[in-house]
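The values are calculated or read from the model by the stated rules, or taken from the named source; none is laboratory data. Everything numeric here is computed off the predicted structure, so don't read it as measured data. Neighbour counts run over all protein chains shown; Cβ positions are idealised from the backbone, glycine included.
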Amino acid sequence: MLVQRLLYVVVMAMACGTPSGGLNVPNRPLGFFFGGPPQSPSVEVVAYLDITCPDSKAVYPTLLMVASNYKPSQVQLRVHLFSMPFHRHSHTLSKAALVLDLYQPNGDTAFKWMSLVYSNIDSLSTSGTYKQSDEEVLNLITNLARNLTGIKEDTFVEKVKDTSIDQMTRLDFKYGCTRGVYAVPSFTINDIFTDASTWTFDQWKTFLDSLLQ
């Protein structure tokens, strides 16, 4: 518990630098919405994930199964990428998710990117890249992005380094801090935090179906 509290203090300190009245207002909704643009669903499932976190990777396939089981007007999954400070490349990979989502705004590009990153998590983790420079890792990330979407390498690198992309990605992280998020994965269902990290698909379905009745 002490470690979690200390981590929360560190995370909140990293979120400093915004106006005292609150966060800057973004020009688009924060997070990534499964199945297309934001709906007005009966139930909204929000997941806070770190894109290079093994625990986030473990829950991700189940989340996709759950989201695919419903129409977005019934249940819509929204993912906020919450980069923990001890995962060296999470912020860059989160920026890449936004770049690709804007490059191919079809509702599933960011989720395909998350799946691809999780499938390559060993080569993108802090321990897996400790002998590589940031530029070398960026080259690896660029190749993955190109293979997934066809985006040109120079375009991708330029966008990942773009200040507006960086600010939007930081804003999503800071938003999580304002919600009290300090560990991943974390979940809310209709804005209420729910300890669902160990739920199976059947447990998710039973719970969500009860809300839809």
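If the requirement is being surrounded by fewer than 19 Cβ atoms within 10 Å (Cβ to Cβ), in contact with a Ser or Thr (Cβ under 7 Å, 6 or more places away or on another chain) and touching a residue at least 12 places away in the same chain (Cβ under 8 Å), which of these qualifies: ILE51, ILE141, ILE121?
Matching residue, one of ILE51, ILE141, ILE121: ILE121.
Based on this model, can you work out whether ILE141 counts as among the aliphatic types (A, V, I, L, M) and part of a loop (DSSP other than H, G, I, E, B)?
Considered against the rule, which asks whether it is among the aliphatic types (A, V, I, L, M) and part of a loop (DSSP other than H, G, I, E, B), ILE141 comes out as no.
Please go through region 21-68 and pick out each residue that is of a type in the set (Asp, Glu) and within 16 Å of LEU171 (Cα to Cα).
Correct list: ASP50 only.
Can you find, within region 182-213, the residue that is nearest to the chain's Cα centre (by Cα) among those that are more than 21 Å from PRO41 (Cβ to Cβ) and surrounded by 16 or more Cβ atoms within 10 Å (Cβ to Cβ)?
VAL184
Residue check: is PRO19 modelled with pLDDT of 85 or more, surrounded by fewer than 19 Cβ atoms within 10 Å (Cβ to Cβ) and of a type outside the set (Val, Ile, Thr)?
no
Determine whether region 122-129 contains at least one residue that is among the charged types (D, E, K, R) and not in a loop (DSSP other than H, G, I, E, B).
Checked against the condition, which is being among the charged types (D, E, K, R) and not in a loop (DSSP other than H, G, I, E, B), region 122-129 yields at least one hit.
What helices (runs of 4 or more DSSP H), lying completely within region 144-213, carry at least 3 residues that are at pLDDT 95 or above and among the polar types (S, T, N, Q)?
Output list reads 163-178, 201-212.
Which one is nearest to VAL43 (Cα to Cα), of the residues in region 70-95 that are of a type in the set (S, T, N, Q) and in a helix (DSSP H, G or I)?
SER94
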